[in-house]
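**Q** Dropping the structure in here first, questions after.
The values are calculated or read from the model by the stated rules, or taken from the named source; none is laboratory data. Owing to the predicted nature of the structure, the values given are computational and were not obtained by experimental measurement. Cβ sites come from the backbone with ideal geometry, for glycine too, and all protein chains shown count toward neighbours.
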Amino acid sequence: MSDFVLLVLSSPSGAGKTTLTRRLQQSFPDLRFSVSHTTRTPRATEVDGRDYHFIDKAEFVRLVECGAFIEWAEVHGNFYGTSVDEIDRAKADPNCGGIIFDIDYQGARQIRAKVPEITGVFILPPSMPELLRRLRGRASESEEIVQRRFQVAMREIEHYALFDFVIVNDDVERAFDALRAVVVAERSKRVRKAHLAEALLRSGEVPKVQAPNG
């Protein structure tokens, strides 16, 4: 296994996944955010090509039919997908140490079926009332959409067992510390560092390696 990390983050809407993802990229600049394609309307603060690739349904269907996505799903009435090219470009970049996927449990299941070495993290809200409060606090969606997301949240949480780690986001600093620890532990796995131990046995010295970010 290479040092390239494939980190899948998932949560119900409003659990704070986006905030934690941004913090993680600040701590590990070599981790690249996988920009998904979606058919939903951009929010006021979102930028095409940075947060998502915003496309219409016809174009999304065309990409599905030509096998452009490693995973795709319909969520809250909109389609989301991760392109194969997104992963290939990241692996070809010597300055990229891994990818962060912000996807739901359906996408996580699809990617794991094709790429078993992914590391999955599920973010939980501290309570359902708090989740509803956070959804309403966005002030960017109608109450109807908020209620729809809230109703779907329980079904999403039921799939926590698909993931390797579960983190409760009751305090963003504490949750981030746990998430950062996951990345550090993943990069320290024996299967990733066995070549260093073997080199030490052969030459008496561990090869010089660049210290990981974070």
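**Q** Scan region 22-39 residue by residue and report those that are of a type in the set (Val, Ile, Thr) and either surrounded by 20 or more Cβ atoms within 10 Å (Cβ to Cβ) or without any contact (Cβ under 8 Å) to a residue 24 or more places away in the chain (or both).
**A** THR38
**Q** Within region 56-69, how many residues turn out to be in a loop (DSSP other than H, G, I, E, B) and farther than 25 Å from VAL146 by Cβ? Before you say what the answer is, go through the steps one by one.
**A** Within region 56-69, the subset in a loop (DSSP other than H, G, I, E, B) is 56, 66-68.
The next check asks that each one be farther than 25 Å from VAL146 by Cβ; those that pass are 66-68.
Residues that pass the stated criteria total 3.
**Q** Name the residue that is nearest to LEU135 (Cα to Cα), counting only residues in region 70-84 that are modelled with pLDDT under 90 and outside any strand (DSSP E or B). Show your work before the answer.
**A** In the first step, residues of region 70-84 are kept if they are modelled with pLDDT under 90; the result is 73-77.
Pick out the ones that are also outside any strand (DSSP E or B) and you get 76-77.
On the way: HIS76: 14, GLY77: 17 Å.
Among them, the one singled out is HIS76.
**Q** Which residues, counting only those in region 91-150, are in a helix (DSSP H, G or I), aliphatic (A, V, I, L, M) and either within 25 Å of ASP170 (Cα to Cα) or modelled with pLDDT of 95 or more (or both)? Reasoning before the result, please.
**A** Kept after step one, since they are in a helix (DSSP H, G or I), are these residues of region 91-150: 91-92, 105-114, 128-137, 143-150.
If we keep only those that are aliphatic (A, V, I, L, M) as well, we get 92, 108, 111, 113, 128, 131-132, 135, 145-146.
Listed by number, the residues that qualify are ALA108, MET128, LEU131, LEU132, LEU135, ILE145, VAL146.
**Q** Hey, another quick one. With ALA153, ALA161, ALA139 as the choices, which residue is of a type outside the set (Val, Ile, Thr), over 22 Å from GLY98 (Cβ atoms) and touching a helix residue (DSSP H, G or I) at 6+ places or on another chain (Cβ under 9 Å)?
**A** On inspection, the qualifying residue turns out to be ALA153.
**Q** Return yes or no: is GLU71 in contact with a Ser or Thr (Cβ under 6 Å, 6 or more places away or on another chain), free of Cβ contacts under 8 Å to residues at least 60 places away in the same chain and of a type in the set (Asp, Glu)?
**A** Here the answer is yes, as GLU71 does meet what is asked.
**Q** Here's a check for you: in region 1-20, which residue that is hydroxyl-bearing (Ser, Thr, Tyr) and surrounded by 21 or more Cβ atoms within 10 Å (Cβ to Cβ) is farthest from LEU179 (Cα to Cα)? Full working, then the answer.
**A** Within region 1-20, the subset hydroxyl-bearing (Ser, Thr, Tyr) is 2, 10-11, 13, 18-19.
Within this subset, residues satisfying the condition of being surrounded by 21 or more Cβ atoms within 10 Å (Cβ to Cβ) are 10-11, 13.
Details: SER10: 12, SER11: 13, SER13: 18 Å.
Step by step, filter region 1-20, then rank; the result is SER13.
**Q** Now a separate question. Would you call ASP104 of a type in the set (D, E, K, R), in contact with a strand residue (DSSP E or B) (Cβ under 8 Å, 6 or more places away or on another chain) and under 24 Å from GLY14 (Cβ atoms)?
**A** Yes.
**Q** Starting from region 136-165, take each residue that is loosely packed, with under 13 Cβ neighbours inside 10 Å and list its partners that are assigned to a loop (DSSP other than H, G, I, E, B), counting only C-beta distances under 6 angstrom and pairs at least six apart or across chains.
**A** SER140/ARG43
**Q** Starting from region 97-109, take each residue that is at positive phi and list its partners that are part of a strand (DSSP E or B) and aliphatic (A, V, I, L, M), counting only C-beta distances under 8 angstrom and pairs at least six apart or across chains.
**A** Filtered contacts from region 97-109: GLY98/VAL5; GLY98/LEU6; GLY98/LEU7; GLY98/LEU31.
**Q** Can you tell me which of ARG22, ARG50, ARG43, ARG32 is charged (D, E, K, R), in a helix (DSSP H, G or I) and at negative phi?
**A** Among ARG22, ARG50, ARG43, ARG32, only ARG22 is charged (D, E, K, R), in a helix (DSSP H, G or I) and at negative phi.
**Q** Right, next: Might you let me know whether region 176-184 holds any residue that is surrounded by fewer than 19 Cβ atoms within 10 Å (Cβ to Cβ), touching a residue at least 24 places away in the same chain (Cβ under 8 Å), of a type outside the set (Lys, Arg) and closer than 21 Å to SER34 by Cβ?
**A** Kept after step one, since they are surrounded by fewer than 19 Cβ atoms within 10 Å (Cβ to Cβ), are these residues of region 176-184: 177-178, 180-181, 184.
Next, only the ones that are touching a residue at least 24 places away in the same chain (Cβ under 8 Å) stay: 180, 184.
Adding the requirement that they be of a type outside the set (Lys, Arg) leaves 184.
The next check asks that each one be closer than 21 Å to SER34 by Cβ; those that pass are 184.
Yes, the conditions are met somewhere in region 176-184.
**Q** Tell me, yes or no, whether region 188-202 has at least one residue that is assigned to a helix (DSSP H, G or I), of a type in the set (Gly, Ala, Ser), modelled with pLDDT of 95 or more and at negative phi.
**A** No, every residue in region 188-202 fails to be assigned to a helix (DSSP H, G or I), of a type in the set (Gly, Ala, Ser), modelled with pLDDT of 95 or more and at negative phi.
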